[in-house]
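Each remark here refers to the structure printed beneath this line.
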Amino acid sequence: MGLGARHELPQLVKQFGDSAFVVTDPGIAEQASFREILSLLESAGCQTSVFDDVSPDPPLEVVERCASQAARSGAHVFIGIGGGSALDVAKVAAVVTRHGYELPSLFGIDQVPEPGVPTILLPTTAGTGSEVTPIAVLSDESHQLKRGIVSDHLLAQHALVDPELCLTLPPGPTAYTGMDTLTHAIEAYTNKFAVPLIDTFALEVVRLVGASLVSAVNDPSNVAARYDMSLASLLGGLCLKSVNTAAVHALAYPLGGRFHVPHGVANSLLLPHVMRFNAPISSQRYQTIGERLGVSDAVAAVEELSTAVGTDKRMRDFGVEQEHLAEMAASAMEVQRLLKNNPREVTESDALAIYQAAW
Ligand SMILES: [Fe+2]
């Protein structure tokens, strides 16, 4: 990680061969920094072929198209450049390309049998932390659900975190991806399976987000703020592999899958309500989180931050009706791989009450 880290890409590619398959989204593909990366690779003698059709909440069909284009290219290494969606598509397509797996068979934990084509990931948001996680989230459109693939075979060989790649990220996505990072930290630190090593990362993430998210949103070209947020996102991503998230992320799934609320926005609007629900169990840890944010009340501080960066939305703002809430609560109950991590047990009626509060 560091300013200009992208310049190390060609030498990393050459560990695997001289032909790279680059996965990104249409917005990033138009950016000068993306063209710069392609020319860095070209001048180092690397052949590149580009798939730039990743969409937000990527459906399975996008991964399938990406994997078949990659198979035809015969590339030695995958490079993912973008936000969480582009990185997740690169991670999954790299295993599908090599082995021809049917995607639905990979959902769940440890369902990927073999490692894929080696992968190098460069995030352009801060962020999902996807560059260092074994997780990919895709939209299963036939079920209107977001579903996760969790496997160590999705871990990239290298992550290159260059905060300069975030300098063109607009204020909106800067705000909501930053709130996602904060959610990773809070859900890891108050996790039922929290561990001391990850606690140190999580608390540093809380401090960095508290210190720099507002500056990054208000002044997108502020390099120091971008640096802090990229570091926060990276450390937040490292919290996900060993500890992972909990009820906020579980309850956010139906909002993303059915109503296409961006992941960070969904987390941001649920976070204070889940924190209030967990407060009886997590009060001591909330106090420490509050200290890192420079106040005594962590929940109020999170709400204030969310207001300051404009992610203080309600579910009704995204076309969710009261009558959808019960169905969403039932659907959130299926995300047990995350709900089991929550410090306080969440029943279906608890989930419904949290949705009501966030509606
Ligand atoms: Fe997240």
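Couple of notes before you dig in:
- Of the residues making up the range 294-309, those that are open to solvent by 30 Å² or more (accessible area, probe 1.4 Å), among the hydrophobic types (A, V, I, L, M, F, W, C) and at pLDDT 95 or above are A300, A308.
- Across the range 122-150, the qualifying residues are those that are in a helix (DSSP H, G or I) and over 30 Å from A225 (Cβ atoms), and the one among them that is farthest from the ligand (Cβ to nearest atom) is S142.
- Set E114, E102, E187: member being touching a His at 6+ places or on another chain (Cβ under 8 Å) and without any contact (Cβ under 8 Å) to a residue 60 or more places away in the chain: E114
- Residues that are of a type in the set (S, T, Y), part of a helix (DSSP H, G or I), more than 13 Å from the ligand (Cβ to nearest atom) and buried (at least 16 other Cβ atoms within 10 Å of the Cβ) within the range 163-205 comprise T174, Y189, listed in sequence order.
- Residues in the range 96-119 that are surrounded by 17 or more Cβ atoms within 10 Å (Cβ to Cβ), part of a helix (DSSP H, G or I) and of a type in the set (S, T, N, Q): T97 only.
- Comparison of R292, R258, R314, R285 shows that the only residue that is more than 16 Å from the ligand (Cβ to nearest atom) and under 19 Å from the mean Cα position of the chain (by Cα) is R258.
- In the condition set (1) assigned to a loop (DSSP other than H, G, I, E, B); (2) in contact (Cβ under 8 Å) with a residue 40 or more places away in the chain, V89 is compliant with all but (1).
- Scanning the range 6-27 for any residue that is of a type in the set (A, V, I, L, M), at negative phi, open to solvent by 20 Å² or more (accessible area, probe 1.4 Å) and touching a Gly at 6+ places or on another chain (Cβ under 8 Å) turns up nothing.
- In the range 310-325, the residue that is least open to solvent (accessible area, probe 1.4 Å) out of those that are out of contact with any helix residue (DSSP H, G or I) (no Cβ under 6 Å at 6 or more places or on another chain) and part of a helix (DSSP H, G or I) is H324.
- With respect to the conditions (1) part of a helix (DSSP H, G or I); (2) more than 23 Å from D140 (Cα to Cα), G256 falls short on a single one, namely (2).
- Residues of the range 129-147 classified as closer than 11 Å to L238 by Cα and loosely packed, with under 15 Cβ neighbours inside 10 Å, total: 0
- Among residues of the range 240-254 that are modelled with pLDDT of 95 or more, those with a Cβ under 9 angstrom from a residue that is basic (K, R) and within 12 Å of the ligand (Cβ to nearest atom), sequence gap 6+ or separate chain, pair up as A252/K146.
- Of the residues making up the range 71-88, those that are surrounded by 24 or more Cβ atoms within 10 Å (Cβ to Cβ) and more than 16 Å from the ligand (Cβ to nearest atom) are A75, F78, I79, G80, I81.
- Considering each residue of the range 48-69 in turn, none proves to be touching a Cys at 6+ places or on another chain (Cβ under 8 Å), in a helix (DSSP H, G or I) and either open to solvent by less than 10 Å² (accessible area, probe 1.4 Å) or among the polar types (S, T, N, Q) (or both).
- Close contacts from the range 194-206, counting a first residue that is farther than 16 Å from V299 by Cα and a second that is among the small types (G, A, S) and modelled with pLDDT under 95, with Cβ to Cβ under 6 Å and a gap of 6+ residues or different chains, come to I198/S242.
- Those residues of the range 33-47 which are without any contact (Cβ under 8 Å) to a residue 60 or more places away in the chain and open to solvent by 20 Å² or more (accessible area, probe 1.4 Å), in sequence order: R35, E36, L38, S39, L40, E42, S43, A44, G45, Q47
- Test result for D110, at positive phi, away from the ligand (no atom under 16 Å from the Cβ) and modelled with pLDDT of 95 or more: yes
- The range 238-247, subset closer than 21 Å to E131 by Cβ and buried (at least 24 other Cβ atoms within 10 Å of the Cβ), residue farthest from the ligand (Cβ to nearest atom): C239
- The listed residue being out of contact with any Phe, Trp or Tyr (no Cβ under 9 Å at 6 or more places or on another chain), open to solvent by less than 50 Å² (accessible area, probe 1.4 Å) and either assigned to a helix (DSSP H, G or I) or within 14 Å of the ligand (Cβ to nearest atom) (or both), out of G264, G210: G210
The values are calculated or read from the model by the stated rules, or taken from the named source; none is laboratory data. For clarity, every value in this text was computed on a predicted model and none was experimentally measured. FYI the Cβ positions are ideal-geometry reconstructions off the backbone, even for glycines, and counts take in every protein chain you see. In case anyone asks, the SASA skips ligands and DNA or RNA and just uses the protein heavy atoms, side chains included. Shrake-Rupley method; radii C 1.70, N 1.55, O 1.52, S 1.80 Å.
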